[in-house]
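The values are calculated or read from the model by the stated rules, or taken from the named source; none is laboratory data. The structure presented is a predicted model; accordingly, all values stated were derived computationally and were not measured. With ideal geometry, Cβ positions are generated from the backbone for all residues, glycine too; neighbour counts draw on all protein chains shown.
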Ligand code: ATP
Ligand code: MG
């Protein structure tokens, strides 16, 4: 491709509204342009990178036994009503009515395709002999995200690879799950991404039933809890800690229990301000309805209750914060003054709660708190639980090592669904004994745009993007120094056509620009191999070849230039593939 004949609108300045490096660089390198919030056009370079990522995803999904199909983005709303997801998606589900003759048809734009694919399978599959089956597609999804942001990392319209597997048994599902998990590792490694598979909250199948693939990145919107020593990694919703129940005996050095007046001060921050204390000195008491029964859930003032962990710890079906009437009933006070001393409901405490000496808590009385609250004397516990979000410095649940909190970008997700959709949409099969069973399902998503944006976010330097060969829009950029010099241009064109003939993606910067401008742009768009032709080199009979991440070019004699470039690329490809797991 000739630079002059394509569209690469590079920008010198950092666009004002782009907060993160990937967004800034994808705009500056001319990969994308915004149409409106959450909707972007992919320009030629961006599209080429996206297509390369898409092809890697496709190859690995095929190798893992997936079968590609293409389902419509337009879907009838009643499918979402049948699975209860019209309500669950809420405002995120884009839906609207259209007129057809005198009828009005209610449609949705697919945010994902569990409904459509399960409906399809319910009509086409009827026997155990037809299973297992893994269908996938690479297709545009629509989600009315509350806050589209960070360029193409979070948009209202994005390209997802979504796969769905169908099984007669949980064992068969687990086998496919493992196969796709491995395919994901290969996909992200082939794309040159640093990635971390993390345990995520699992649904009805339980156990090890869900993993998110995260790209560790400072600007990632998700938190990953990671133990470098043991390799434990989980998202914040899921992460456990290795903390244990401390002593629940009364302490010898407990200070006096006192009531203090805290008029209109019901939040942790406000109490801290008034009493000049730190949140760590407080015990936060929240009234929950656990399977409908009130329960006082306690964590240290600076910690957060994790409702998923709470639900698991108590083996509960439903967990929700209590209404004000219930709070008034069990504490005798309005919201904000609950505490363990004298409360009229069971106490459920996190492991760290009894460790707070002379704690400050609500007094179960309007406008009052207690100070000097201590375990064993002022409130009793039979045990404690791991029911708060993990924090940096917690012991790892694997018995050794310490947990760290890192930011991450979720690029993929694998999930053992179970029978939620097959039951709702009547996708059943006849087993060997001719008995009807709901099909057991798994689902597996990858954000293809996030592969590209994740690379931009994590692979760049001060001068611009640094693409891995596997996803680079072009592998080689040729920079002739004087386009009006016939010898320079004849050498350039020879190299250009020979590389193209050998199947190399090559971009020729044929613009009438100074060398400095061309080099800056080549660095900004991040093409892996730069070949400079002209100037002194032409007279010496050499070209200068440089990887994007190297500072010094190597000089290569003209006659061997093309084979040398091909050799360099082959070696680099081998190096990139050496990081790909089996
Ligand atoms: P998030 O938590 O980031 O909103 P999600 O968990 O809702 O994502 P899934 O439903 O698991 O997303 O979708 C599968 C994949 O699609 C995600 O792992 C992510 O890579 C990608 N994805 C999801 N939402 C968006 C979006 N708004 N823009 C771009 N990619 C997205
Ligand atoms: Mg997800």
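Quick look at the values:
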{"read-out": "Which listed residue, of 571, 564, is within 30 Å of residue 196 (Cβ to Cβ), free of Cβ contacts under 8 Å to residues at least 40 places away in the same chain and surrounded by fewer than 21 Cβ atoms within 10 Å (Cβ to Cβ)", "value": "571"}
{"read-out": "Looking only at the stretch 447-461, and only at residues there that are surrounded by fewer than 24 Cβ atoms within 10 Å (Cβ to Cβ) and in a strand (DSSP E or B), the one that is nearest to the chain's Cα centre (by Cα)", "value": "460"}
{"read-out": "For residue 546: the one exception among (1) buried (at least 16 other Cβ atoms within 10 Å of the Cβ); (2) in contact with a helix residue (DSSP H, G or I) (Cβ under 7 Å, 6 or more places away or on another chain); (3) closer than 17 Å to residue 481 by Cα", "value": "(2)"}
{"read-out": "Residue in the stretch 246-264 that is in a loop (DSSP other than H, G, I, E, B) and surrounded by 19 or more Cβ atoms within 10 Å (Cβ to Cβ) present", "value": "yes"}
{"read-out": "Test for residue 468: is it more than 28 Å from residue 194 (Cα to Cα), at pLDDT 95 or above and either surrounded by fewer than 24 Cβ atoms within 10 Å (Cβ to Cβ) or more than 16 Å from ligand 1 (Cβ to nearest atom) (or both)", "value": "no"}
{"read-out": "One residue from 182, 143, 154 being at pLDDT 95 or above and away from ligand 2 (no atom under 15 Å from the Cβ)", "value": "182"}
{"read-out": "Considering residues of the stretch 35-46 that are buried (at least 16 other Cβ atoms within 10 Å of the Cβ) and either part of a loop (DSSP other than H, G, I, E, B) or within 16 Å of ligand 1 (Cβ to nearest atom) (or both) only, the residue modelled with the lowest pLDDT", "value": "38"}
{"read-out": "Segments classed as strands (runs of 3 or more DSSP E), wholly inside the stretch 389-446, with at least 2 members that are within 16 Å of ligand 2 (Cβ to nearest atom), farther than 22 Å from residue 229 by Cα and touching a residue at least 12 places away in the same chain (Cβ under 8 Å)", "value": "404-418"}
{"read-out": "Single match in 243, 238 (criterion: within 33 Å of the chain's Cα centre (by Cα) and surrounded by fewer than 19 Cβ atoms within 10 Å (Cβ to Cβ))", "value": "243"}
{"read-out": "Residue satisfying condition, being touching a helix residue (DSSP H, G or I) at 6+ places or on another chain (Cβ under 7 Å) and buried (at least 22 other Cβ atoms within 10 Å of the Cβ), within set 183, 233", "value": "183"}
{"read-out": "Positions within the stretch 265-296 being more than 20 Å from residue 330 (Cα to Cα) and more than 34 Å from the chain's Cα centre (by Cα), in sequence order", "value": "270, 271, 272, 273, 274, 275, 276, 277, 281"}
{"read-out": "Residues of the stretch 405-446 satisfying the condition of being more than 16 Å from ligand 1 (Cβ to nearest atom) and buried (at least 22 other Cβ atoms within 10 Å of the Cβ)", "value": "422, 425, 427, 429, 439, 440"}
{"read-out": "Matching entry among 107, 133, 173 (being crowded, with 21+ Cβ neighbours inside 10 Å and away from ligand 1 (no atom under 16 Å from the Cβ))", "value": "173"}
{"read-out": "Evaluation of residue 112 against (1) modelled with pLDDT of 95 or more; (2) part of a loop (DSSP other than H, G, I, E, B); (3) in contact with a helix residue (DSSP H, G or I) (Cβ under 8 Å, 6 or more places away or on another chain) (one fails), failing number", "value": "(3)"}
{"read-out": "Some residue of the stretch 191-206 being crowded, with 22+ Cβ neighbours inside 10 Å, more than 16 Å from ligand 2 (Cβ to nearest atom) and either in a strand (DSSP E or B) or within 15 Å of the chain's Cα centre (by Cα) (or both)", "value": "yes"}
{"read-out": "Hey, residue 332 farther than 28 Å from residue 238 by Cα, touching a residue at least 40 places away in the same chain (Cβ under 8 Å) and surrounded by 16 or more Cβ atoms within 10 Å (Cβ to Cβ) or not", "value": "no"}
{"read-out": "Sole residue being within 16 Å of ligand 2 (Cβ to nearest atom) and over 11 Å from residue 442 (Cβ atoms), chosen from 148, 111", "value": "111"}
{"read-out": "Residue under evaluation residue 166, criteria (1) assigned to a strand (DSSP E or B); (2) near ligand 1 (Cβ under 10 Å from one of its atoms); (3) surrounded by 22 or more Cβ atoms within 10 Å (Cβ to Cβ), criterion not met", "value": "(2)"}
